[in-house]
1. Provide the solvent-accessible area of Glu80, counting protein heavy atoms only and rolling a 1.4 Å probe, rounded to the nearest 10 Å².
2. Using a 1.4 Å probe on the protein heavy atoms only, what accessible surface does Lys98 show? Give it in Å² to the nearest 10.
3. Put one equal scatterer on each alpha carbon of the chain, apply the Debye formula with no solvent term, and list log10 I(q)/I(0) at q = 0.12, 0.16 1/Å to two decimals.
4. If Val126, Val147 are ordered by their accessible area, calculated over protein heavy atoms with a 1.4 Å probe, which sequence runs from highest to lowest?
5. Suppose the chain between Asp119 and Phe94 were pulled fully straight at 0.36 nm per residue; how much longer would it get relative to their current alpha carbon spacing?
6. For segment 102-153, what does the alpha-carbon gyration tensor say about shape, rounded, prolate or oblate, given a ≥ b ≥ c as the root eigenvalues, a/c under 1.5 as rounded, and a/b over b/c as prolate?
7. Count neighbours as other Cβ atoms within 10 Å of each site's Cβ, and list the chymotrypsin sites (Phe, Trp or Tyr not before Pro) in segment 129-161 that are DSSP loop with at most 13 such neighbours.
8. Along the positive direction of the dipole of the chain (beta-carbon charges: Lys, Arg +1; Asp, Glu -1; about the Cα centre), which of Gln205, Pro285, Pro143 reaches farthest?
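The values are calculated or read from the model by the stated rules, or taken from the named source; none is laboratory data. Treat the numbers as computed from the prediction; the structure is a model and nothing was measured. Neighbour counts run over all protein chains shown; Cβ positions are idealised from the backbone, glycine included. Ligands, DNA and RNA are stripped out before the accessible areas are found, and what is left, the full protein with its side chains, is counted by its heavy atoms. Shrake-Rupley method; radii C 1.70, N 1.55, O 1.52, S 1.80 Å.
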Amino acid sequence: MTRRLAIRATIVTLALGMLACVPARAADSVDPAADKAAFQKFFTTKFPKLKLEDFVNGPYSMNEDLHRQWEEKEQFPPYEFSLEAGKEMFATPFKNGKTYADCFPNKGIGIRQNYPYFDEKEGKVVTLELALNRCREANGEAPFSYVKDDMAALTAYMAFTSRGKPMDIKIPNDPRALEAYQKGKEYFYTRRGQLNFSCATCHIQSPGERIRAEVLAPALGILNAMPIYRSEWSGMGTTSRRFTTCNSQIRGVPLNPQDDEYRNLEYYLSYVSNGLPISGPGARP
(Lines give C-alpha, C1' and ligand atoms only; values in the text may rest on other atoms or scores of the structure.)
Protein backbone atom coordinates (compact mmCIF):
# COMPACT_ATOMS: atom_id res chain seq x y z
CA MET A 1 0.00 0.00 0.00
CA THR A 2 2.79 2.45 0.92
CA ARG A 3 4.67 1.88 -2.35
CA ARG A 4 1.52 2.16 -4.41
CA LEU A 5 0.54 5.43 -2.73
CA ALA A 6 3.98 6.86 -3.37
CA ILE A 7 3.85 6.00 -7.08
CA ARG A 8 0.35 7.41 -7.50
CA ALA A 9 1.30 10.55 -5.60
CA THR A 10 4.06 11.27 -8.11
CA ILE A 11 1.72 10.82 -11.06
CA VAL A 12 -0.99 13.06 -9.63
CA THR A 13 1.43 15.75 -8.54
CA LEU A 14 2.86 15.89 -12.06
CA ALA A 15 -0.63 16.08 -13.49
CA LEU A 16 -1.48 19.06 -11.32
CA GLY A 17 1.77 20.75 -12.23
CA MET A 18 2.38 21.74 -8.64
CA LEU A 19 5.68 20.14 -7.80
CA ALA A 20 7.20 21.76 -4.75
CA CYS A 21 10.71 20.57 -5.42
CA VAL A 22 11.29 23.53 -7.73
CA PRO A 23 12.77 26.71 -6.29
CA ALA A 24 10.40 29.36 -5.03
CA ARG A 25 9.19 31.47 -7.93
CA ALA A 26 9.07 35.22 -8.32
CA ALA A 27 5.95 36.77 -6.85
CA ASP A 28 4.60 37.85 -10.24
CA SER A 29 4.61 34.21 -11.45
CA VAL A 30 2.57 32.90 -8.51
CA ASP A 31 -1.07 32.53 -9.53
CA PRO A 32 -3.27 31.45 -6.60
CA ALA A 33 -6.50 31.85 -8.58
CA ALA A 34 -5.25 29.46 -11.27
CA ASP A 35 -4.07 27.03 -8.58
CA LYS A 36 -7.48 27.07 -6.92
CA ALA A 37 -9.29 26.45 -10.20
CA ALA A 38 -7.00 23.54 -11.09
CA PHE A 39 -7.17 22.08 -7.58
CA GLN A 40 -10.94 22.10 -7.45
CA LYS A 41 -11.29 20.86 -11.02
CA PHE A 42 -9.02 17.92 -10.24
CA PHE A 43 -11.26 16.73 -7.42
CA THR A 44 -14.57 17.33 -9.19
CA THR A 45 -13.22 15.42 -12.20
CA LYS A 46 -11.93 12.58 -10.03
CA PHE A 47 -15.27 12.35 -8.17
CA PRO A 48 -17.86 13.52 -10.72
CA LYS A 49 -20.83 12.37 -8.62
CA LEU A 50 -19.93 14.69 -5.75
CA LYS A 51 -21.04 18.27 -5.46
CA LEU A 52 -18.28 20.71 -4.66
CA GLU A 53 -19.65 21.35 -1.18
CA ASP A 54 -19.64 17.62 -0.37
CA PHE A 55 -15.87 17.51 -0.09
CA VAL A 56 -15.97 19.25 3.29
CA ASN A 57 -17.37 16.00 4.72
CA GLY A 58 -14.00 14.36 4.17
CA PRO A 59 -13.93 10.57 3.84
CA TYR A 60 -17.66 10.42 4.54
CA SER A 61 -18.31 11.93 1.13
CA MET A 62 -16.37 9.18 -0.64
CA ASN A 63 -18.88 6.31 -0.53
CA GLU A 64 -22.40 5.51 0.63
CA ASP A 65 -21.43 3.33 3.59
CA LEU A 66 -19.16 6.01 5.03
CA HIS A 67 -21.81 8.64 4.36
CA ARG A 68 -24.37 6.65 6.36
CA GLN A 69 -21.90 6.45 9.24
CA TRP A 70 -21.53 10.22 9.12
CA GLU A 71 -25.31 10.77 9.15
CA GLU A 72 -25.63 8.49 12.18
CA LYS A 73 -22.85 10.33 14.00
CA GLU A 74 -24.48 13.68 13.33
CA GLN A 75 -27.59 12.55 15.22
CA PHE A 76 -25.53 12.58 18.42
CA PRO A 77 -22.32 14.34 17.39
CA PRO A 78 -19.26 13.37 19.44
CA TYR A 79 -17.98 16.95 19.30
CA GLU A 80 -21.04 18.37 21.08
CA PHE A 81 -19.35 18.39 24.49
CA SER A 82 -16.49 20.46 23.08
CA LEU A 83 -18.86 22.84 21.31
CA GLU A 84 -20.73 23.57 24.53
CA ALA A 85 -17.50 24.04 26.46
CA GLY A 86 -16.20 26.43 23.79
CA LYS A 87 -19.37 28.50 23.87
CA GLU A 88 -19.09 28.91 27.64
CA MET A 89 -15.37 29.73 27.47
CA PHE A 90 -15.92 32.29 24.74
CA ALA A 91 -18.46 34.19 26.85
CA THR A 92 -16.54 33.99 30.14
CA PRO A 93 -14.72 37.25 30.94
CA PHE A 94 -10.98 37.36 31.48
CA LYS A 95 -9.71 38.61 34.80
CA ASN A 96 -9.67 42.15 33.38
CA GLY A 97 -13.36 41.94 32.48
CA LYS A 98 -12.90 41.69 28.72
CA THR A 99 -13.80 38.67 26.59
CA TYR A 100 -12.71 37.07 23.34
CA ALA A 101 -15.39 39.11 21.59
CA ASP A 102 -13.30 42.24 22.25
CA CYS A 103 -10.46 40.87 20.12
CA PHE A 104 -12.29 40.04 16.89
CA PRO A 105 -14.41 41.67 14.19
CA ASN A 106 -18.15 41.16 14.65
CA LYS A 107 -17.38 40.12 18.23
CA GLY A 108 -15.93 36.86 16.94
CA ILE A 109 -19.24 35.52 15.61
CA GLY A 110 -19.42 34.19 12.06
CA ILE A 111 -15.82 35.01 11.11
CA ARG A 112 -14.14 31.59 10.94
CA GLN A 113 -14.26 31.62 7.12
CA ASN A 114 -11.85 34.57 7.04
CA TYR A 115 -9.00 32.72 8.79
CA PRO A 116 -6.15 32.45 8.24
CA TYR A 117 -5.36 35.88 6.86
CA PHE A 118 -2.16 37.65 5.90
CA ASP A 119 -1.23 40.45 8.28
CA GLU A 120 0.42 43.08 6.11
CA LYS A 121 1.80 44.95 9.12
CA GLU A 122 3.46 41.86 10.57
CA GLY A 123 4.24 40.34 7.18
CA LYS A 124 3.04 36.88 8.20
CA VAL A 125 0.01 34.60 8.16
CA VAL A 126 -2.24 34.75 11.22
CA THR A 127 -4.38 31.70 11.96
CA LEU A 128 -7.46 31.59 14.16
CA GLU A 129 -5.63 29.54 16.78
CA LEU A 130 -2.80 32.06 16.88
CA ALA A 131 -5.25 34.98 17.08
CA LEU A 132 -7.03 33.37 20.03
CA ASN A 133 -3.81 32.96 22.00
CA ARG A 134 -2.74 36.50 21.17
CA CYS A 135 -6.08 37.65 22.49
CA ARG A 136 -5.49 35.76 25.72
CA GLU A 137 -1.99 37.15 26.17
CA ALA A 138 -3.10 40.71 25.38
CA ASN A 139 -5.59 40.38 28.22
CA GLY A 140 -3.17 39.00 30.77
CA GLU A 141 -4.06 35.31 30.34
CA ALA A 142 -1.71 32.40 29.71
CA PRO A 143 -1.85 30.97 26.19
CA PHE A 144 -3.51 27.62 25.59
CA SER A 145 -1.74 24.65 24.10
CA TYR A 146 -2.38 24.59 20.35
CA VAL A 147 -3.08 20.87 20.38
CA LYS A 148 -5.19 20.42 23.52
CA ASP A 149 -8.87 20.51 24.39
CA ASP A 150 -9.30 24.18 25.33
CA MET A 151 -8.11 25.47 21.95
CA ALA A 152 -10.18 22.82 20.17
CA ALA A 153 -13.27 23.87 22.11
CA LEU A 154 -12.86 27.57 21.33
CA THR A 155 -12.29 27.00 17.62
CA ALA A 156 -15.19 24.52 17.55
CA TYR A 157 -17.56 27.19 18.79
CA MET A 158 -16.25 29.83 16.41
CA ALA A 159 -16.47 27.40 13.49
CA PHE A 160 -20.03 26.51 14.45
CA THR A 161 -21.07 30.18 14.26
CA SER A 162 -19.80 30.21 10.66
CA ARG A 163 -21.36 26.96 9.47
CA GLY A 164 -22.51 27.17 5.89
CA LYS A 165 -20.53 30.31 5.13
CA PRO A 166 -18.09 29.90 2.22
CA MET A 167 -14.39 29.91 2.95
CA ASP A 168 -13.18 33.37 1.97
CA ILE A 169 -9.42 33.65 2.25
CA LYS A 170 -7.82 36.77 0.78
CA ILE A 171 -4.35 37.10 -0.65
CA PRO A 172 -3.49 40.80 -0.71
CA ASN A 173 -1.42 42.35 -3.47
CA ASP A 174 1.72 42.01 -1.40
CA PRO A 175 4.78 40.00 -2.52
CA ARG A 176 5.15 38.68 1.02
CA ALA A 177 1.60 37.27 0.98
CA LEU A 178 2.24 35.55 -2.33
CA GLU A 179 5.50 34.18 -0.96
CA ALA A 180 3.71 32.80 2.13
CA TYR A 181 1.09 31.18 -0.09
CA GLN A 182 3.74 29.66 -2.35
CA LYS A 183 5.74 28.34 0.58
CA GLY A 184 2.59 26.70 1.94
CA LYS A 185 1.98 25.10 -1.44
CA GLU A 186 5.54 23.83 -1.63
CA TYR A 187 5.32 22.39 1.87
CA PHE A 188 2.19 20.49 0.84
CA TYR A 189 3.96 18.79 -2.07
CA THR A 190 7.39 18.23 -0.49
CA ARG A 191 8.24 14.70 0.61
CA ARG A 192 9.61 14.19 4.10
CA GLY A 193 10.04 11.65 6.87
CA GLN A 194 11.28 8.06 6.71
CA LEU A 195 8.27 7.11 4.57
CA ASN A 196 9.15 9.85 2.05
CA PHE A 197 5.53 11.01 1.93
CA SER A 198 4.17 14.45 1.21
CA CYS A 199 0.76 15.74 2.29
CA ALA A 200 -0.32 15.10 -1.30
CA THR A 201 0.66 11.44 -1.10
CA CYS A 202 -2.37 10.71 1.05
CA HIS A 203 -4.77 13.58 0.43
CA ILE A 204 -4.59 14.09 -3.34
CA GLN A 205 -4.50 10.72 -5.06
CA SER A 206 -6.17 8.34 -2.59
CA PRO A 207 -9.05 9.99 -0.68
CA GLY A 208 -11.48 7.40 0.64
CA GLU A 209 -8.86 4.65 0.70
CA ARG A 210 -7.34 3.26 3.85
CA ILE A 211 -3.77 3.47 5.03
CA ARG A 212 -3.36 1.48 8.20
CA ALA A 213 -6.61 2.12 10.09
CA GLU A 214 -7.19 5.61 8.72
CA VAL A 215 -9.63 6.55 5.97
CA LEU A 216 -7.92 9.21 3.88
CA ALA A 217 -9.69 12.54 3.44
CA PRO A 218 -9.53 14.67 0.29
CA ALA A 219 -7.31 17.73 0.57
CA LEU A 220 -10.11 19.85 -0.89
CA GLY A 221 -12.18 21.18 2.02
CA ILE A 222 -10.10 19.35 4.61
CA LEU A 223 -9.71 22.43 6.82
CA ASN A 224 -13.32 23.57 6.43
CA ALA A 225 -14.34 20.92 8.95
CA MET A 226 -11.73 21.75 11.59
CA PRO A 227 -11.55 21.23 14.48
CA ILE A 228 -12.56 17.59 14.45
CA TYR A 229 -13.39 14.79 16.81
CA ARG A 230 -11.38 11.73 15.78
CA SER A 231 -12.17 8.25 16.99
CA GLU A 232 -8.44 7.54 16.81
CA TRP A 233 -7.82 10.34 19.31
CA SER A 234 -10.93 9.70 21.43
CA GLY A 235 -11.23 13.45 21.55
CA MET A 236 -11.05 16.73 19.71
CA GLY A 237 -8.16 17.96 17.65
CA THR A 238 -7.15 21.35 16.28
CA THR A 239 -5.58 22.09 12.92
CA SER A 240 -2.23 22.26 14.71
CA ARG A 241 -2.77 18.80 16.13
CA ARG A 242 -3.67 17.46 12.69
CA PHE A 243 -0.53 18.88 11.08
CA THR A 244 1.84 17.60 13.78
CA THR A 245 0.16 14.18 13.81
CA CYS A 246 0.54 13.86 10.04
CA ASN A 247 4.26 14.57 10.32
CA SER A 248 4.61 11.93 13.02
CA GLN A 249 2.67 9.35 11.01
CA ILE A 250 5.11 9.59 8.12
CA ARG A 251 7.95 9.20 10.64
CA GLY A 252 9.05 12.75 10.22
CA VAL A 253 9.94 15.34 12.83
CA PRO A 254 6.95 17.59 13.54
CA LEU A 255 7.47 21.31 13.66
CA ASN A 256 6.30 23.39 16.57
CA PRO A 257 2.59 24.28 16.34
CA GLN A 258 2.14 27.65 14.62
CA ASP A 259 5.61 27.68 13.13
CA ASP A 260 5.65 29.69 9.90
CA GLU A 261 5.65 26.54 7.76
CA TYR A 262 2.41 25.28 9.30
CA ARG A 263 0.77 28.69 9.08
CA ASN A 264 1.71 28.96 5.42
CA LEU A 265 0.40 25.44 4.79
CA GLU A 266 -2.91 26.38 6.38
CA TYR A 267 -3.02 29.52 4.22
CA TYR A 268 -2.54 27.51 1.04
CA LEU A 269 -5.01 24.73 1.88
CA SER A 270 -7.65 27.21 3.00
CA TYR A 271 -7.30 29.38 -0.10
CA VAL A 272 -7.68 26.51 -2.58
CA SER A 273 -10.88 25.55 -0.72
CA ASN A 274 -12.37 29.02 -1.12
CA GLY A 275 -16.08 28.87 -1.86
CA LEU A 276 -16.66 25.61 0.00
CA PRO A 277 -18.76 25.96 3.16
CA ILE A 278 -17.46 25.89 6.69
CA SER A 279 -18.67 22.63 8.23
CA GLY A 280 -16.76 22.52 11.52
CA PRO A 281 -16.68 21.21 14.06
CA GLY A 282 -16.58 17.82 12.42
CA ALA A 283 -16.07 14.16 13.20
CA ARG A 284 -13.76 11.67 11.54
CA PRO A 285 -12.91 7.97 12.02
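1. 90 Å²
2. 100 Å²
3. Evaluating at q = 0.12, 0.16 Å⁻¹ gives log10 I(q)/I(0) of -0.73, -1.35.
4. Result, largest first: Val147, Val126.
5. Between Asp119 and Phe94, full extension yields 6.5 nm more.
6. Values: a/c = 1.42, a/b = 1.30, b/c = 1.10.
Judged from the Cα gyration tensor, segment 102-153 comes out rounded (a/c under 1.5).
7. On the way: sites: Phe144, Tyr146, Tyr157, Phe160; in loops: Phe144, Tyr146.
Passing sites in segment 129-161 do not exist.
8. Looking along the dipole axis, the top candidate is Gln205.
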